[in-house]
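K.L.:
First, the structure itself, so that you have it in front of you.
The values are calculated or read from the model by the stated rules, or taken from the named source; none is laboratory data. Every value quoted in this text rests on a predicted model; they were computed, and no experiment measured them. Virtual Cβ from ideal backbone geometry, glycine too; neighbours counted across all protein chains shown.
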Amino acid sequence: MSGAEFRSIWPEVAAVQDAVIGRAGSRCECRGVCGRNHAKGGGRCDREHVLGRPLFVVPADPEIRIDTAAAARAPKRAMCGPCWELAHKIASRQAAADRMAEWPDLFTVDLDPADEAAADDLAVADHGAADDLGGAAA
Ligand SMILES: [Zn+2]
Ligand SMILES: [Zn+2]
């Protein structure tokens with residue numbers, strides 16, 4: 001789909017894109033969230049909104065995927081393709097690490113049976129697993 005076609009079908013989307021890219025001065029708004037220091041641009045990416053290498057209007061939070069409903073509601077910023085891709089990769093990895101951190105018991109259970117506290121933890125875990133199986137069978 002060409003840019004003109006896109007605009008005619010989604011004028012309101014095009015208006016948001018124009019506003020965000022205009023606010024950004026037609027320059028990528030990445031200030032290192034992609035993991036690069038952008039020293040050449042004084043700490044900010046120096047890629048501009050040009051034909052064939054456009055900037056993308058993306059959620060300001062790189063953890064949000066572009067193709068989700070959350071992305072439509074999220075605050076936007078203008079970023080070049082490489083910066084967005086790298087930033088999203090970093091954010092996704094971080095989000096996965098955060099989720100693991102929320103469940104430390106699953107990864108730090110002490111299996112030494114002489115440790116009473118660990119044995120109690122295992123008993124609780126076994127009970128939970130049994131409940132899960134019962135639910136699946138019902
Ligand atoms: Zn960039
Ligand atoms: Zn960048």
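K.L.:
If residue 22 satisfies every condition in (1) over 16 Å from residue 85 (Cα atoms); (2) within 13 Å of ligand 2 (Cβ to nearest atom) but one, which is the exception?
P.N.:
(2)
K.L.:
Output the number of residues of the stretch 24-47 satisfying the condition of being in contact (Cβ under 8 Å) with a residue 12 or more places away in the chain, among the hydrophobic types (A, V, I, L, M, F, W, C) and either over 17 Å from residue 94 (Cβ atoms) or not assigned by TED's automatic domain parsing to the domain that holds residue 12 (or both).
P.N.:
Qualifying residue count, the stretch 24-47: 3.
K.L.:
Further question on the same structure: Looking only at the stretch 9-68, count how many residues are of a type in the set (A, V, I, L, M, F, W, C), within 16 Å of ligand 1 (Cβ to nearest atom) and either loosely packed, with under 11 Cβ neighbours inside 10 Å or not in a loop (DSSP other than H, G, I, E, B) (or both).
P.N.:
Initial filter on the stretch 9-68 (of a type in the set (A, V, I, L, M, F, W, C)): 9-10, 13-16, 19-21, 24, 28, 30, 33-34, 39, 45, 50-51, 55-58, 60, 64, 66.
From what's left, within 16 Å of ligand 1 (Cβ to nearest atom): 20-21, 24, 28, 30, 33-34, 39, 45, 50, 55-58, 60, 66.
Filter once more, keeping what is either loosely packed, with under 11 Cβ neighbours inside 10 Å or not in a loop (DSSP other than H, G, I, E, B) (or both): 20-21, 39, 50, 56-58.
Residues in the stretch 9-68 being of a type in the set (A, V, I, L, M, F, W, C), within 16 Å of ligand 1 (Cβ to nearest atom) and either loosely packed, with under 11 Cβ neighbours inside 10 Å or not in a loop (DSSP other than H, G, I, E, B) (or both): 7 in total.
K.L.:
Hey, could you check the stretch 70-105 for residues that are more than 16 Å from ligand 1 (Cβ to nearest atom) and assigned to a loop (DSSP other than H, G, I, E, B) and say which is surrounded by the fewest Cβ atoms within 10 Å (Cβ to Cβ)? Can you show your working first?
P.N.:
We begin by selecting, within the stretch 70-105, every residue more than 16 Å from ligand 1 (Cβ to nearest atom); these are 70-75, 92-105.
Filter once more, keeping what is assigned to a loop (DSSP other than H, G, I, E, B): 74-75, 102-104.
Numbers: 74: 16, 75: 9, 102: 7, 103: 9, 104: 9.
Across the stretch 70-105, the extreme among qualifying residues is 102.
K.L.:
Considering 58, 50, which residue is touching a residue at least 24 places away in the same chain (Cβ under 8 Å) and either of a type in the set (Val, Ile, Thr) or more than 15 Å from ligand 2 (Cβ to nearest atom) (or both)? Outline the logic, then answer.
P.N.:
On the way: 50 fails: touching a residue at least 24 places away in the same chain (Cβ under 8 Å).
Answer to the selection: 58.
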